[in-house]
């Protein structure tokens, strides 16, 4: 007698499908909450600075939740992924152009010439770059400009992202690099045999990531 369970999927594929479904279902109520926060801010903020502050806090919490969903999805896509050379400059320039056109955000990019390619899963390269910048734009509430440096460093490609942020620094450090089992970003970097370090000075947050260089 058939059990009704599709055995053609592996456990990993089944987990990915479940996470994808959960992420899709969560995005709808989160977007609804964000819309309500914007409405309350627009209608009531003039009457009470406290209401405005709470609406802003609610929007930051929604952005944080969105980012955590994407972080988990990034980690789930790693097992079995093949590594290959990736040009981080191409991805960051493309994202920076989109930010300038659609969000009026300023991404300052400084790149070594020539820049080695970084070793990582090629099909996830753009996703990772977008994910890291989303952390600064959404979760950290970074002020303009967000500064980005790409350099060659002793067999590695080093990516530094730095900005002055509005959000609580200690919370940001726990989000980007929590204790085991760690964040999706940490798992991605470890999977590529790279290094990750997050540090803060005052309200300036710096994320430094090293990926093995491919000549």
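The values are calculated or read from the model by the stated rules, or taken from the named source; none is laboratory data. Source: prediction; values computed, not measured. Neighbour counts run over all protein chains shown; Cβ positions are idealised from the backbone, glycine included.
Checking residue 205 against (1) part of a loop (DSSP other than H, G, I, E, B); (2) over 22 Å from residue 154 (Cα atoms); (3) touching a strand residue (DSSP E or B) at 6+ places or on another chain (Cβ under 9 Å), only one condition comes out false. Which one?
All conditions are met except number (1).
Name every residue in segment 167-193 that is in a loop (DSSP other than H, G, I, E, B) and either touching a residue at least 60 places away in the same chain (Cβ under 8 Å) or not assigned by TED's automatic domain parsing to the domain that holds residue 106 (or both), in order of residue number. Spell out how you get there, then give the answer.
The initial filter retains those residues of segment 167-193 that are in a loop (DSSP other than H, G, I, E, B), namely 167-168, 177-183, 192-193.
Once the filter is applied, which keeps residues that are in a loop (DSSP other than H, G, I, E, B) and either touching a residue at least 60 places away in the same chain (Cβ under 8 Å) or not assigned by TED's automatic domain parsing to the domain that holds residue 106 (or both), segment 167-193 yields 167, 183, 192, 193.
If you check 111, 139, which single one turns out to be in contact (Cβ under 8 Å) with a residue 24 or more places away in the chain, touching a helix residue (DSSP H, G or I) at 6+ places or on another chain (Cβ under 8 Å), buried (at least 20 other Cβ atoms within 10 Å of the Cβ) and in the same structural domain as residue 202 (by TED's automatic domain parsing)? Walk me through how you get there before you give the answer.
Numbers: 111 fails: buried (at least 20 other Cβ atoms within 10 Å of the Cβ).
Result of the check over 111, 139: 139.
How many residues, within segment 52-89, are in a loop (DSSP other than H, G, I, E, B) and loosely packed, with under 15 Cβ neighbours inside 10 Å?
Just the residues of segment 52-89 that are in a loop (DSSP other than H, G, I, E, B), to begin with: 77-83, 87.
Keeping just the survivors that are loosely packed, with under 15 Cβ neighbours inside 10 Å gives 79-80, 82.
Summing the residues that are in a loop (DSSP other than H, G, I, E, B) and loosely packed, with under 15 Cβ neighbours inside 10 Å in segment 52-89 gives 3.
Report, by residue number, each residue of segment 140-187 that is in contact with a strand residue (DSSP E or B) (Cβ under 7 Å, 6 or more places away or on another chain) and over 20 Å from residue 125 (Cα atoms).
If the condition is that a residue be in contact with a strand residue (DSSP E or B) (Cβ under 7 Å, 6 or more places away or on another chain) and over 20 Å from residue 125 (Cα atoms), then 140, 141, 142, 143, 145, 163, 164, 165, 169, 172, 173 are the ones that fit.
When you look at residue 211, is it surrounded by 15 or more Cβ atoms within 10 Å (Cβ to Cβ), at pLDDT 95 or above and more than 26 Å from residue 62 (Cβ to Cβ), yes or no?
On the way: surrounded by 15 or more Cβ atoms within 10 Å (Cβ to Cβ): yes; at pLDDT 95 or above: yes; more than 26 Å from residue 62 (Cβ to Cβ): yes.
The answer is yes for residue 211.
Looking at segment 142-157, is at least one residue loosely packed, with under 14 Cβ neighbours inside 10 Å, farther than 26 Å from residue 54 by Cα and free of Cβ contacts under 8 Å to residues at least 24 places away in the same chain?
yes
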